[in-house]
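Right, one structure below, let's go through it.
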Amino acid sequence: MNNVILSPIDKGQLINEIAEAIVNKLSKVSNPSTPEEEFIKIPEVMKLLGRSRTTINNWRKEGFLKEHMINSSVYFKKSEVLNAGRQRNPRKK
């Protein structure tokens, strides 16, 4: 490999960005028929459930939301987040 690419991104940041891209691609390829099996980060969980970061962090500590660590970044499976949201806020009839 004689190609050299110079970039202002440091090695750790580059590794994290590559890992995130791989996770996103694999989650879409592994089960394309269910878009809920994608991995999402805390801000997306907050928006999806309508809860604060503090609540999300408390739910993580309680084990109510299962986190997935990938290169020191926290991800959640969207399907698990939706199920947890339904458990905490069941629909009223």
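The values are calculated or read from the model by the stated rules, or taken from the named source; none is laboratory data. Keep in mind it's a predicted model, so treat the numbers as computed, not measured. Note that we place each Cβ from the backbone using ideal geometry, even for glycine, and neighbour counts take in every protein chain shown.
Summary table below
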{"item": "Count of residues meeting criterion [touching a Phe, Trp or Tyr at 6+ places or on another chain (Cβ under 8 Å) and acidic (Asp, Glu)] in segment 52-72", "result": "1"}
{"item": "Residues of segment 11-40 that turn out to be modelled with pLDDT of 75 or more and exposed (fewer than 11 other Cβ atoms within 10 Å of the Cβ), as a count", "result": "4"}
{"item": "Residue in segment 41-93 that is surrounded by the most Cβ atoms within 10 Å (Cβ to Cβ), counting only those that are among the hydroxyl-bearing types (Ser, Thr, Tyr) and in contact (Cβ under 8 Å) with a residue 12 or more places away in the chain", "result": "TYR75"}
{"item": "Selected residue (only one of LEU48, LEU82, LEU6, LEU65 is modelled with pLDDT of 85 or more, in a loop (DSSP other than H, G, I, E, B) and among the aliphatic types (A, V, I, L, M))", "result": "LEU65"}
